[in-house]
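Working notes, beginning with the structure itself.
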Amino acid sequence: MVRRLVYDNNLHTICTSGNCPNIGECWNAGTATFMILGDICTRACKFCNTKTGRPFPPDPEEPLRLAESIGKLGLKHCVITSVDRDDLPDGGASVWAEVIKAIKLNNPGTTIETLIPDLDGNPDNIQKIIDAGPDVISHNVETVKRLTPLIRTKAKYARSISVIKYISQHGKTTKSGFMLGLGETEQEIFETMNDLLVAGCNILTMGQYLKPSPSHMEVVAYIVPERFEKYRQIALEKGFSVVESSPLVRSSFHAERHVMAG
């Protein structure tokens with residue numbers, strides 16, 4: 001049903017664009033992470049399988065179309081993400097706000113998680129999303145500080161931390177995640193956890209990096225499940241409210257459980 005609605009309503013999901021390994025589990029359960037503002041990103045990060053290029057102008061009918069599709073699916077919780085839209089004056093923040101408001105208006109019983117880009121760290125743009133009232137706002141640091149310039153285009157580690165801090169300071173449940181297996185050290189993993197905690201992050205996700213195509217970054221190491229569990233326990237001891245940590249974990253994994261984690 002999810003696949004048919006996505007196709008019939010010209011919607012995009014990160015499930016397909018990002019080659020998520022959990023697509024079968026989530027779609028069979030009738031859930032999906034919807035991607036707004038098209039499926040062409042203005043950035044070309046070396047870990048991501050989303051298309052890169054010059055995006056089309058925003059579709060003014062997308063907010064209502066998405067809200068109605070969520071209603072047809074009967075979702076109690078939805079996750080919304082987007083490509084980076086550096087071509088737009090506000091990075092797409094106004095469209096984000098319209099989408100959130102449309103979902104809330106048409107589906108008052110549905111909770112919402114937004115997985116947002118960094119929006120160049122602009123407080124005014126971030127505030128537009130906060131004011132629209134999603135239940136959880138997520139922004140991924142993706143990797144440790146040292147590796148950020150190697151795999152992320154334009155994005156900066158400090159900027160991502162500042163985005164999370166701004167969201168937390170304005171009273172929202174905050175969430176972030178990063179990949180393992182890119183060559184990070186254990187000490188760098190712990191430092192990233194600490195940076196996120198200081199910024200006010202409530203929820204943490206950690207998963208194995210999987211190379212989506214021959215042109216993407218190589219996998220440096222495959223982390224065994226036991227080590228992911230070790231990191232989960234350490235993160236909880238450090239103070240995160242919820243931690244999802246295993247090889248196939250991605251940002252929206254078990255997202256419906258995170259709404260009350262603030």
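Quick notes on this one:
- Between amide H atoms placed 1.01 Å from N, distances below 5 Å from I36 occur with T81, S82, V83, all of them 5 or more places distant or on a separate chain.
- The DSSP beta bridges internal to the chain are antiparallel in roughly 5% of cases.
- Computed extension length for L105-Y222: 37.7 nm, one decimal, from 0.36 nm per residue of separation with the Cα-Cα distance subtracted.
- Ranking of D84, D90 by neighbouring Cβ atoms within 10 Å, starting from the fewest: D90, D84.
- In the stretch 122-257, the alpha-carbon atoms span a convex hull of 112 Å³ per residue.
- Rounded tilt (10° steps) of 123-132 against the dominant C-alpha axis of the chain: 60 degrees
- A Cα-only calculation for the stretch 59-112 places Rg and Dmax at 11.5, 34 Å.
- Cα-Cα pairs of the stretch 2-257 separated by more than 23 Å (percent): 48 percent
- Projected label points at K156 and R54, each 7 Å from Cα along the beta carbon direction, are separated by 2.8 nanometres.
- Taking amide hydrogens as placed 1.01 Å from N in the peptide plane, the amide H of L180 sits under 5 Å from those of G207, Q208, Y209, each at least 5 positions away in sequence or on another chain.
- Near D118: Cβ cut-off under 11 Å, other residues only, Lys/Arg at +1 and Asp/Glu at -1. The net charge is +1.
Bear in mind these aren't lab numbers, they're just calculated from the coordinates by the rules spelled out. Here the structure is a predicted model, which is why all the values come from computation and not from measurement. Note that we place each Cβ from the backbone using ideal geometry, even for glycine, and neighbour counts take in every protein chain shown.
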